[in-house]
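Have a look at the structure below before the remarks.
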Amino acid sequence: MSHPVTSHPAAVAAGGSVLSLPQGPPDLLRLDTALQQSAALHGHLCPRQILGARSAVLAGDLLGLDFPRTDKRVLVLAETDGCYADGVSAASGCWLGRRTLRLMDYGRVAATFVDTRTGRALRVWPRTDLRERVRAQKPPDQKRYQAYLDAYRHWSDAELLRAAEVELDFDLAALISQAGAREVCSHCGEEVLNERWSVRQGRVLCPACLGGAYYRPTSRQDNL
Ligand SMILES: [Zn+2]
Ligand SMILES: [Zn+2]
């Protein structure tokens, strides 16, 4: 299936050409399989989880790759954590623990799916007016929450989402690094994985010892 590239005003904000998306109903069997897994892990099924799963299923189709992945071919850059990220992980097979999901904490409900073999990268995000349109179309006696669940599960990709090809602005190979790469920081003595160290005047330093950490030592001893 090919998806012709069309230009759209939103492309400017997205930084690329917005793709035209399928207008038919989604493959519910595939979607619900992912949602069962994500709801079990997450503790409940919620609208953003469905959006995450829909985003991942769409990205797999557009990249021509089978999702969920059981290998490390795809890297996902999720732009928020929480419910959306769980849906993305379940449907894509990309997880923090597999090193195939990274959090880019922009607070945006969006994710970029990278085929690390070809370098092709596809960013997917929900349409800005989505919630307003769901509320406008819901039956009067239906609760908003249920309306979001229903719409996100049944509406077409074109009604829910936008997608654009993007170019990555960082060194993908350096981010992925290589299995087994490790050094010991000469300052803190802790092991550093994935080539996250720097060498200064012949000494290996972890990022915390080189540039400062997100925490500082405390003298508090209570509760320990
Ligand atoms: Zn949730
Ligand atoms: Zn260190």
Q) Name the pairs: first residue in the stretch 207-219 and farther than 14 Å from Arg196 by Cα and outside any loop (DSSP other than H, G, I, E, B), second residue open to solvent by less than 100 Å² (accessible area, probe 1.4 Å) and more than 13 Å from ligand 2 (Cβ to nearest atom), Cβ to Cβ under 8 Å, at least 6 apart or on different chains? A) none
Q) Taking the condition within 16 Å of ligand 1 (Cβ to nearest atom) and in contact with a Lys or Arg (Cβ under 7 Å, 6 or more places away or on another chain), does Tyr152 pass? A) yes
Q. List pairs: first in the stretch 182-205 and without any contact (Cβ under 8 Å) to a residue 24 or more places away in the chain, second surrounded by 12 or more Cβ atoms within 10 Å (Cβ to Cβ) and among the acidic types (Asp, Glu), Cβ under 6 Å, 6+ apart or cross-chain?
A. Val192/Glu183; Trp197/Glu183; Val204/Glu183
Q. Out of (1) crowded, with 18+ Cβ neighbours inside 10 Å; (2) within 22 Å of Arg144 (Cβ to Cβ), the odd one out for Gly43 is which?
A. (1)
Q.
From the list Arg203, Arg182, exactly one residue is within 11 Å of ligand 2 (Cβ to nearest atom) and outside the structural domain of Arg73 (by TED's automatic domain parsing). Which is it?
A. Arg203
Q: Mind listing whichever residues of the stretch 19-40 are among the charged types (D, E, K, R) and either within 11 Å of ligand 1 (Cβ to nearest atom) or open to solvent by less than 70 Å² (accessible area, probe 1.4 Å) (or both)?
A: Asp32
Q.
Conditions first: (1) open to solvent by 20 Å² or more (accessible area, probe 1.4 Å); (2) of a type in the set (A, V, I, L, M, F, W, C); (3) within 13 Å of the chain's Cα centre (by Cα). Phe67 passes all but one, so which condition is the exception?
A. (3)
Q: Take the stretch 155-197 and flag every residue that is among the polar types (S, T, N, Q) and under 30 Å from Leu31 (Cα atoms).
A: Ser156
Q.
Show the residue pairs meeting these rules: Cβ distance below 9 Å; 6+ apart or different chains; first residue within the stretch 42-70 and near ligand 1 (Cβ under 10 Å from one of its atoms); second residue not small (Gly, Ala, Ser) and not in a helix (DSSP H, G or I).
A. Arg48/Thr80; Arg48/Val109; Gly52/Val109
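The values are calculated or read from the model by the stated rules, or taken from the named source; none is laboratory data. Quantities reported herein were computed from a predicted structural model and do not represent experimental measurements. Neighbour counts run over all protein chains shown; Cβ positions are idealised from the backbone, glycine included. What goes into the accessible areas is simple: the full protein's heavy atoms, side chains included, and nothing from ligands, DNA or RNA. Shrake-Rupley method; radii C 1.70, N 1.55, O 1.52, S 1.80 Å.
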